Structure formats: structure tokens, C-alpha cells
Amino acid sequence: MEMNEIRGKNFKLEDLNPTFLYTWKGTGKGVNESRHCHDYPQIAFVLSGSGQYYIEEKALEITEGDLMIINPGVYHQWLKPTDPESLATVFFVGFSDIQIEGCAVNCLPLPDGQSLMHTAGELRQRLFKICSSMEAENSDCRQGRYFMLKSYLMQLLILVVREQAEPVTAAKGYSFESVSRKYVVEQMLSFFEDHYSEKISLDQIAENMYLSPFYISKIFKSETGASPIRHLINIRLEKAKELLEKGDITSIQEVAGAVGYEDAYHFSKLFKKRYGVSPSQARKKA
């Protein structure tokens, strides 16, 4: 098979046929391991939180969206967390049998010679998605499981090498990060508008988008000025006000249920706080 050269740096991918070894997800809490190395490479992606990780005589500060490349023979260790309230959750992938021209056998190129790669925007989202897919496939012992995991591993390796070999320079006034953020927020706004009457969980939305709840909450507030939950509450109350003004539904309990609230008392408190009158008063006034 003919080699396909990756433009930008002297990296060439030959027949990409890695051997998938394992995946493992864990947090820094309670980790008690000594410094060690492997005879195969690892990729570690920080799903959430922050912490410290020792690689090649350096204590690295890691945070959500960071990716670590741990090549064979490189000593590493999870350091004791400095902040127990913000523990890093890291997804590890072990593999072997790769050859990238310009690198030793079973080694990946390092970004600027460093083991740590900071990711953002579209790349970060794709990495979250791949890790989430690998975790789901690994826990589901279905036919073809190994080959599905291997296919995700191949995507992961290509993204890591491509990011270093083909740096994209954004045009003036254009930001991949902002476009990505706006896309996520637009998807959330659309989802809230279509599903406000249902039971909605921020964790569920984050999982469906292959992102972390903290991340989507942070960018949603930065783009809209309100938290996702506050925006959902506002939509529900506006829809409830419309129902009360139309007069089609007479029961406050039914109105509450129609906009996603099982507890009519809780709904009434939120409504009065927003509009200054109770749902019953709003109905009579209409």
C-alpha cells in the first residue's frame, strides 16, 4: 500500500494497523502508584477536572481537554492531588504496533518535544466523542468489539499526528474555538426549545454531545449570560404564561406538567418569583 504523506512535517503514516491493548478511566483520588514505564505507548485524555501528572522528570499541570502522549520507556506517575475538590478524570488507551516515519517504532511524535498537548474547539470535541465511544464499546461485550475499539484507536492516532503535522492557521477575525462554542450553544438552545416539557438532565445533554457538563455549562453561560438551567426555567415559565393566558388548561397542576414540572407548588413559586403573581392570579387576570 502506498504511503500517504502528511503535509507540514516529515511524518508519514504507513499501513495503519495498530494493535489495541486496553482502555482505562480513573481519577487521581486514592491513586497510589510508583513511577513506572511500559514497553508500549499510551495516550491519556483528561475528561474533566484538573491535577498533576509526572512524565519524564516533569510534574505537569493537567486540566480538562489536555492530552498526554506517553511513549515506551517513559516513566510516569499520577501525583497526589493538590485540590481534592477538582480531581482529574483521565481516559487511558494502550496500544502497540505503529510506525510513523520520523519516529522510533511504537512512538508518537511529541508536540514541540513536550508530552502534553492542550486541545480546544473541534479537536477537543472529537477527542471527547472518541473516548466516550471507546468507553461504551469496551463495556458492551458485543460481536466485533475489538475491531470497533481498533477503529476508534485509529481515529485517535490520526488526529494526534494530524494536529502536529497540519497546523491550521485561522484567517484574521476567525476563530475555530468561537465557532465551535456557538455550535454547541445553538444545539442546546434548540434542544431546550423542543424538549422543555420533558425531564431534562444536564448530564444527559453533555453525554449526548460527548462533552462534560462543566464544559457545556461554562460556554453556555459565557455565550448567553445565563446558566443552562436558568435558561430552561425561563423557557418553561414563558410557555406556562402563554398557556394560562390562552385559558385552554384550567388546572395549575396540568399547566405545571405541560412545561416539565411534576411539583405544582415548586412551579408556582418559580412563576411568582418571575412574574410577581401566582399562576392562579395570572389565569384570572387573563
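The values are calculated or read from the model by the stated rules, or taken from the named source; none is laboratory data. Every value quoted in this text rests on a predicted model; they were computed, and no experiment measured them. Virtual Cβ from ideal backbone geometry, glycine too; neighbours counted across all protein chains shown. All accessible areas refer to the heavy atoms of the entire protein, side chains included, with ligands and DNA or RNA removed. Shrake-Rupley method; radii C 1.70, N 1.55, O 1.52, S 1.80 Å.
In this structure, TYR54 does satisfy being in a strand (DSSP E or B), open to solvent by less than 60 Å² (accessible area, probe 1.4 Å) and over 17 Å from LEU127 (Cα atoms). Among the residues of segment 107-127, those that are part of a helix (DSSP H, G or I) and out of contact with any Phe, Trp or Tyr (no Cβ under 7 Å at 6 or more places or on another chain) comprise PRO111, ASP112, GLY113, LEU123, ARG124, ARG126. The single residue among SER197, SER222, SER212 that is touching a residue at least 40 places away in the same chain (Cβ under 8 Å), of a type in the set (Gly, Ala, Ser) and open to solvent by less than 20 Å² (accessible area, probe 1.4 Å) turns out to be SER212.
Checked against (1) over 19 Å from the mean Cα position of the chain (by Cα); (2) part of a helix (DSSP H, G or I); (3) at pLDDT 90 or above, MET134 passes all but a single condition, namely (1).
Residues in segment 10-32: is at least one open to solvent by 80 Å² or more (accessible area, probe 1.4 Å), of a type in the set (A, V, I, L, M, F, W, C) and modelled with pLDDT of 75 or more? Yes - at least one qualifying residue is present in segment 10-32. For segment 64-88, the set of residues classified as open to solvent by 30 Å² or more (accessible area, probe 1.4 Å) and either modelled with pLDDT of 90 or more or closer than 23 Å to ILE130 by Cα (or both) consists of PRO72, GLY73, TYR75, LEU87, listed by residue number.
Looking only at segment 139-163, filter to residues that are over 25 Å from GLU101 (Cβ atoms) and either in a helix (DSSP H, G or I) or aliphatic (A, V, I, L, M) (or both); which one of those is most open to solvent (accessible area, probe 1.4 Å)? Step through it out loud before you land on a result.
Step one: filter segment 139-163 for residues over 25 Å from GLU101 (Cβ atoms), giving 139-149.
Filter once more, so that each one left must be either in a helix (DSSP H, G or I) or aliphatic (A, V, I, L, M) (or both): 139, 145-149.
Working: SER139: 94, ARG145: 77, TYR146: 82, PHE147: 144, MET148: 77, LEU149: 1 Å².
Here the answer is PHE147.
GLU242: out of contact with any strand residue (DSSP E or B) (no Cβ under 9 Å at 6 or more places or on another chain), open to solvent by 30 Å² or more (accessible area, probe 1.4 Å), among the acidic types (Asp, Glu) and not in a loop (DSSP other than H, G, I, E, B), yes or no? Yes: the conditions hold for GLU242.
Inside segment 253-277, can you point out the residues that are open to solvent by less than 70 Å² (accessible area, probe 1.4 Å) and either on the phi > 0 side of the Ramachandran plot or in a helix (DSSP H, G or I) (or both)?
Here is the first cut: in segment 253-277, the residues open to solvent by less than 70 Å² (accessible area, probe 1.4 Å) are 255-261, 264, 267-268, 270-271, 275-277.
The answer is VAL255, ALA256, GLY257, ALA258, GLY260, ALA264, PHE267, SER268, LEU270, PHE271, TYR275, GLY276.
Considering segment 228-239, and only residues there that are within 25 Å of LYS218 (Cα to Cα) and basic (Lys, Arg), the residue that is surrounded by the most Cβ atoms within 10 Å (Cβ to Cβ) turns out to be ARG236. Contact annotation: residue pairs with Cβ atoms under 6 Å, 6 or more positions apart or on different chains, pairing a residue in segment 34-61 that is under 25 Å from LYS150 (Cα atoms) and of a type in the set (A, V, I, L, M) with a partner that is modelled with pLDDT of 85 or more and part of a loop (DSSP other than H, G, I, E, B), are VAL46/GLU64; VAL46/ALA88.
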